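Just so it is clear, none of the values below were taken in a lab; they were calculated from the coordinates. Being a predicted model, the structure only gives us computed values, none of them experimental. Please note: Cβ atoms are built from the backbone with ideal geometry, for glycine as well, and neighbour counts cover all protein chains shown.
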Amino acid sequence: MPTFLTTPKMSPELAARVNASVSGKARGQKRSVVRALLGLAVLVTVALAIGSIAVSRTRQSDALESRRTRLLESFRERSASVAELDRRMLDRSMDLLLTLSAPYEGDLVSPKLRNKEQLGATLAQPTIYLRAPIEGFDDLQSLRAASEASFPDGSFHV
């Protein structure tokens, strides 16, 4: 490609250098190689970043699944040790809870509990805590709903 930067009075070597500089062919090849290498480096970096994120997520998922499996195994082991009689405790105590939901009759302390040892033995027995309005103790369905609702702040004390 001719240029106005060269004149016929220039030495041929100088004119060749000016033409090469203006055409960008010699330097352009170096630039295209550098640009290609830079693009390849960016591509490899992005691929490595995506790969490391995928590996990290897989490891986290595996660790979570492992913890979940251990927790379920622990739950199964512990629930296997609970007696069937204990599992049906709420069903067995429904009649008593319905009876006790009658109008308040005043404080009554059994003569047996006036003895410290007997009182301590009675208080050491399992207890049931239920939080509900009085209407929650009217029937079995209300009682079940009250027991499920009071689970977060109540418990069975063993």
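The alpha carbons of the stretch 12-80 give a radius of gyration and a Dmax of 29.1, 98 Å, in that order.
Normalised by 2.2 N^0.38 Å, where N is the number of residues, the C-alpha radius of gyration of the stretch 84-157 stands at 1.23. Our summary gives the chain a relative contact order of 14 percent, counting only alpha carbon pairs under 8 angstrom and 6 or more residues apart. Think of the chain as a dipole: +1 on every Lys or Arg Cβ, -1 on every Asp or Glu Cβ, centred on the Cα centre; then among V33, S61, L123, V33 lies furthest on the positive end.
Local charge for L140 was computed over the other residues whose Cβ lies under 12 Å away, with Lys and Arg +1 and Asp and Glu -1, and equals -3.
Shape descriptor for the chain: Rg over Rh equals 1.68 (Cα atoms; Rh from the Kirkwood inverse mean 1/r).
Taking a sphere under 15 Å around the Cβ of F75 and counting the other residues whose Cβ falls inside, with K and R at +1 and D and E at -1, yields a net charge of +4.
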